[in-house]
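Chemist: Sharing a structure with you now.
The values are calculated or read from the model by the stated rules, or taken from the named source; none is laboratory data. If you're wondering where the values come from, they're calculated on a predicted model, not measured in any experiment. Neighbour counts run over all protein chains shown; Cβ positions are idealised from the backbone, glycine included. Surface areas here come from the heavy atoms of the whole protein model, side chains and all, with no ligands, DNA or RNA. Shrake-Rupley method; radii C 1.70, N 1.55, O 1.52, S 1.80 Å.
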Amino acid sequence: QASPRLFCDETPMPVLDPGRHRTRTCQFWAHAIDDRPWGGPSPPAVAYVFADGRGADKIAGQLRGFSGILQVDGYAAYKALARGHGGAIQLAFCVAHARRKFVEVYKTMQSPFAREVIERLQAVYAIEAEIRGSSAEQRLAARSTRTAPLMEALRTRLTAMVGQLFSQSKLTEAINYALNHWDGLTLFLRDGRVEVDTNTVERSMRPIAMGRRNSLFSGSEGGAESWAILASLVNTAKLHELDPQAYLADVLERIVSGRTKSHQLHELLAWNWKAAHARTAQVAA
């Protein structure tokens, strides 16, 4: 039941190009795992990777050797990655991304059909809120009996409507996006471990985007790589409800002093560090 599952996302990261005295746009990629919604065994974590582009070769290099479920948006690089792995990577697409397209249409055009789609998906999210924290088997059972009929009815409505619309309209684009990604959008109906959207990794990217705006850019490529490492440590600590400053201070002290040897570095991962401190506090009590 603990087969690999990853959330992936990427965001632009401006860096200085000293040779040309200007900035150029590179990328921060985020790879996250979070089994808490279904009580799985893997501790939550997020790792950021700096790359000088967002092409398929970049994500392929980062996920070399990976097999399992990758939950992503509709970016073409992920689809190319899955095609190149002969079925070893299965894509779960994000319902929130599909919903967002209908929200944009409703905001600009006040489309009654866009509003209908949004309301239908709200019913799906209401069920997800109820079953969050249940086992994968319980989630799958609830989705099979309650959510699957809602999604099938939505698909029927989308298919019927798309033939009635002007082919270049924004509403048509939103409908086609949903229908073209339907298999991946509904993977959560066939696997209780899969989330309905990629909000896990999107939340993990928010601090990066805010920091980028506040500091304008990351400086050099070396600075961006250091930023990615530090952000991985800090935001994984936050996922475990740790004080990042206290956690990093203790980790650095242990490494510098030699209290933790090189073959023991796994003990300093946020989840292991937290468990060790909890045991120490329990003994002291």
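Chemist: Among (1) of a type outside the set (Phe, Trp, Tyr); (2) crowded, with 16+ Cβ neighbours inside 10 Å; (3) more than 28 Å from Glu241 (Cβ to Cβ), where does Val95 come up short?
Modeler: Status for Val95: all satisfied but (3).
Chemist: Has region 228-235 got at least one residue that is hydrophobic (A, V, I, L, M, F, W, C), open to solvent by 80 Å² or more (accessible area, probe 1.4 Å) and closer than 24 Å to Ala51 by Cβ?
Modeler: yes
Chemist: Same structure, new question: Given the condition of a type in the set (Ser, Thr, Tyr), in contact with a His (Cβ under 9 Å, 6 or more places away or on another chain), under 25 Å from Gln71 (Cα atoms) and open to solvent by 30 Å² or more (accessible area, probe 1.4 Å), answer yes or no: does some residue in region 154-162 qualify?
Modeler: The answer is no, given that none of the residues of region 154-162 is of a type in the set (Ser, Thr, Tyr), in contact with a His (Cβ under 9 Å, 6 or more places away or on another chain), under 25 Å from Gln71 (Cα atoms) and open to solvent by 30 Å² or more (accessible area, probe 1.4 Å).
Chemist: In addition: If you go through region 44-61 one residue at a time, how many are farther than 24 Å from Val234 by Cβ and either crowded, with 19+ Cβ neighbours inside 10 Å or touching a helix residue (DSSP H, G or I) at 6+ places or on another chain (Cβ under 8 Å) (or both)?
Modeler: Final tally of qualifying residues: 3.
Chemist: Are there any pairs, at least 6 apart or on different chains, whose C-beta atoms fall under 9 Å, with the first in region 158-187 and within 17 Å of Thr147 (Cβ to Cβ) and touching a residue at least 12 places away in the same chain (Cβ under 8 Å) and the second basic (Lys, Arg) and assigned to a helix (DSSP H, G or I), and if so, which?
Modeler: That search, which allows pairs on different chains as well, returns Ala178/Arg99; Ala178/Lys101; Ala178/Arg155; Trp182/Arg155; Thr186/Arg155.
Chemist: Let me ask something else about it. List, please: which pairs have Cβ atoms under 6 Å, are six or more places apart or on different chains, and start with a residue in region 22-37 that is over 30 Å from Gln138 (Cα atoms) and end with one that is assigned to a loop (DSSP other than H, G, I, E, B)?
Modeler: Thr23/Phe217; Cys26/Asp52; Gln27/Arg54
Chemist: Quick one: count up the residues across region 241-274 that are surrounded by 17 or more Cβ atoms within 10 Å (Cβ to Cβ), free of Cβ contacts under 8 Å to residues at least 12 places away in the same chain and charged (D, E, K, R).
Modeler: Result for region 241-274: 0.
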